[in-house]
Amino acid sequence: MTITKTEIYKYSIPMVPFTIATGTMHYAQNIFIRIYTDEDLTGVGECSAFPMITGETQATCFAMAKDFALLWKDKDALAIEVRMDELHAFAVHNNTAKSAFDMALHDINAQHAALPLYKFLGGTNKKQLLTDVTVGINKPAQMAAAAKRFVEQGVSILKIKLGKNVQHDINAINLIAGKVGDTIKLRVDANQGWSYDEAVHVLTALKDFNIEFCEQPMRSYNDHLLPMLKQTSPVKIMADESVFDHHDAVRLIEADACDYVNIKFAKSGGILEAKKINIVCEKANIKCMMGGMLESRVALTAFAHFATAFDNIYFYDMDTCMLGHKIDSVIGGVRYNNFCVELPDAIGIGADIDETFLNTLEKVVI
Ligand code: MG
């Protein structure tokens with residue numbers, strides 16, 4: 001099955017500003033692609049550039065996508081590994097841009113097999129994907145008010161962004177826990193914001209709260225300090241920015257540096273590499289989380305298929321489009337039902353974007 005053309009869109013989604021330790025995002029810097037084939041099958045892919053984490057922007061993803069599309073023109077759409085190897089040979093890194101292409105090929109391949117993507121990936125049954133909902137960095141009182149609003153709406157797991165300032169972080173968790181009570185599970189994410197000493201200080205101060213884990217306490221260049229932090233911390237440690245691919249996962253596992261790993265296609269370059277991360281983690285009894293950047297329900301649907309296909313994907317941070325996206329132009333795809341992400345029954349990924357909306361976006365066809 002031959003790739004005939006690829007449409008690439010600058011898929012910007014206006015947002016309520018969202019702040020983490022390293023900066024604020026005012027719109028989702030996404031790219032949407034459609035890969036067409038000579039057999040009437042079309043695959044969709046989406047990626048969301050998060051420069052503070054991956055170094056990619058919407059502009060770099062758009063530029064890279066044009067090169068990727070040229071590389072793949074007239075090539076076999078069913079040879080996923082060979083196609084992805086071509087992208088890796090052409091350019092290192094740029095994993096976010098690569099992930100859209102990986103996703104579209106998986107969509108085509110699952111459709112070709114007449115299976116929903118999760119079954120194509122080896123899954124058998126749908127499972128309940130209860131997502132957390134994220135509270136961005138703000139003044140502690142405002143974070144607590146936001147947390148309370150979410151809980152009143154039925155949220156049972158909150159993910160709290162920390163990492164800007166140690167005292168602020170401790171105050172925020174105290175206030176939030178005071179407002180929502182101790183039956184609500186908290187996850188905290190420092191997004192690399194703490195030094196080793198700060199991480200020890202905050203995590204020790206949080207020992208009596210109902211905290212499931214802390215994501216990425218320190219800069220990834222401090223990975224050598226993670227094993228010591230894991231020994232010291234009363235809160236379990238999840239690696240996020242420190243694990244882009246399965247080589248990173250192996251390195252941390254061998255050093256006994258984390259309890260859990262957060263998998264995101266924007267870091268792994270898509271499903272193919274994400275499967276490898278999950279395999280090495282599962283072997284080491286390290287449960288994984290399905291996470292994302294600021295994707296719409298297209299990529300979110302692919303995340304849901306992936307999370308459904310593998311038992312070891314145990315935590316779900318799949319509120320990407322609840323984080324203040326002001327528009328939803330997705331047709332089909334997952335729906336939220338009481339904060340559970342529900343997969344459609346369609347084959348392939350089962351989501352696309354409304355044509356009228358696409359016509360308003362900057363586009364190239366290659
Ligand atoms: Mg994180």
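Worth a mention:
- Once the Cα atoms are used to define both axes, helix 271-283 deviates from the longest principal axis of the chain by about 40 degrees.
- Lysines whose Cα lies under 23 Å from that of LYS161, excluding same-chain neighbours fewer than 8 positions away: LYS139, LYS148, LYS179, LYS185, LYS207, LYS230, LYS236, LYS264, LYS267, LYS287, LYS326
- Label-to-label distance, nm, for residues given as ASN171 and ALA63 (7 Å Cα→Cβ offset): 4.2
- For the chain, the solvent-accessible area of protein heavy atoms averages 38 Å² per residue (probe radius 1.4 Å; ligands and nucleic acids excluded).
- Crossing angle, helix 58-72 versus the chain [Cα axis fit, 0-90 degrees, rounded to tens]: 40
- To the nearest ten degrees, helix 95-112 and the longest principal axis of the Cα atoms of the chain are 60 degrees apart.
- Under 20 Å of direct C-alpha separation, and excluding same-chain neighbours fewer than eight residues apart, LYS363 reaches these lysines: LYS5, LYS10, LYS66, LYS73, LYS98.
- With the gyration tensor restricted to C-alpha atoms of the range 112-161, the semi-axes of the equivalent ellipsoid amount to 36, 11, 7 Å, longest first.
- Eigen-decomposition of the gyration tensor built on the alpha-carbon atoms of the range 264-366 gives equivalent ellipsoid semi-axes of 26, 16, 13 angstrom, largest listed first.
- Relative pair counts by distance (%), Cα atoms of the range 3-115, 10 Å bins: 14, 45, 27, 12, 1
- The chain - percent of accessible surface contributed by carbon and sulfur, probe 1.4 Å: 51
- For the chain, radius of gyration divided by Kirkwood radius, i.e. Rg to Rh on alpha-carbons: 0.96
- Per the Kirkwood formula applied to alpha carbons, the range 135-269 shows a radius of gyration over Rh ratio, Rg over Rh, of 0.98.
- Using the Cβ-Cβ distance between ASP85 and LEU361 with R0 = 41 Å, the FRET efficiency computed as 1/(1 + (r/R0)^6) comes to roughly 0.85.
- Gain upon complete extension [THR204, ILE331; 0.36 nm per residue less C-alpha separation]: 41.2 nm
- Around the amide H of VAL135, modelled in the peptide plane, lie the amide H atoms of LYS159, ILE160, LYS161, all under 5 Å away and 5 or more residues distant in sequence or on another chain.
- For ASP197, the accessible surface of its heavy atoms amounts to roughly 110 Å² (probe 1.4 Å, protein chains only, rounded to the nearest 10).
- The chain - mean residue ellipticity at 222 nm from DSSP helices (-39,500 (n - 2.57) per run, n ≥ 4, rounded to 500): -11000 deg cm²/dmol
- Accessible-area ranking of HIS246, HIS88, largest first, probe 1.4 Å: HIS88, HIS246
- Our analysis of the range 227-300 gives Rg over Rh at 0.99, with the two radii drawn from alpha carbon positions and Rh computed by the Kirkwood formula.
- Per-peptide average of other Cβ atoms within 10 Å, ordering 102-108, 133-139 highest first: 102-108, 133-139
The values are calculated or read from the model by the stated rules, or taken from the named source; none is laboratory data. Just so we're clear, the structure is a prediction, and the values are computed from it rather than from any experiment. So basically every Cβ, Gly included, is an ideal-geometry build from the backbone, and we count neighbours across all protein chains shown. Surface areas here come from the heavy atoms of the whole protein model, side chains and all, with no ligands, DNA or RNA. Shrake-Rupley method; radii C 1.70, N 1.55, O 1.52, S 1.80 Å.
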